1. Given the criteria closer than 13 Å to Gln26 by Cα and either buried (at least 17 other Cβ atoms within 10 Å of the Cβ) or not charged (D, E, K, R) (or both), does Leu37 qualify?
2. Within the group Gln83, Gln61, Gln40, Gln26, which residue is in contact with a Cys (Cβ under 7 Å, 6 or more places away or on another chain), on the phi < 0 side of the Ramachandran plot and part of a strand (DSSP E or B)?
3. Can you tell me which residues in the stretch 86-106 are modelled with pLDDT under 85, assigned to a strand (DSSP E or B) and of a type in the set (Val, Ile, Thr)?
Amino acid sequence: MLSPPLATVELEGAAQTTAGTEVQVQIMAPPHRPWRLLLQPQGPPLPLAGRPLPLVQVTWQGRPARFFRDGAANPGCAQLCAQGQGPATAVLKLQVRIPPEAGAGCWRQRLLFFLEAP
């Protein structure tokens, strides 16, 4: 079991900066059960205030590093975010670079998490 399976994060920033937020992920697996967690951005960030953003790459830093790794993903492409066995909890620090033409604003990015247990 994975919580949350889908996250919506709000990003705030100005042109040529990095907007970010944190998401807590909890994996509830039996002890010694191997698993892999993949993350996939769902489309471009939606504007709440400001101009629309094009498709952007979402980067993250995962802690604790024992299971979770740093990485990047583009919309429509799932990337390995963590791998381990048994239960785990982590914080993912998500970031998106705001392109110069976007200016300041606030955006919402949907993220889909896939949990695989071979």
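The values are calculated or read from the model by the stated rules, or taken from the named source; none is laboratory data. No experiment lies behind these values; they were computed from the predicted model shown. Heads up, the Cβs are rebuilt from the backbone with ideal geometry, glycines too, and the neighbour counts pull from every protein chain shown.
1. When the stated conditions are applied, Leu37 passes them.
2. Gln40
3. Listed by number, the list holds a single entry, Val96.
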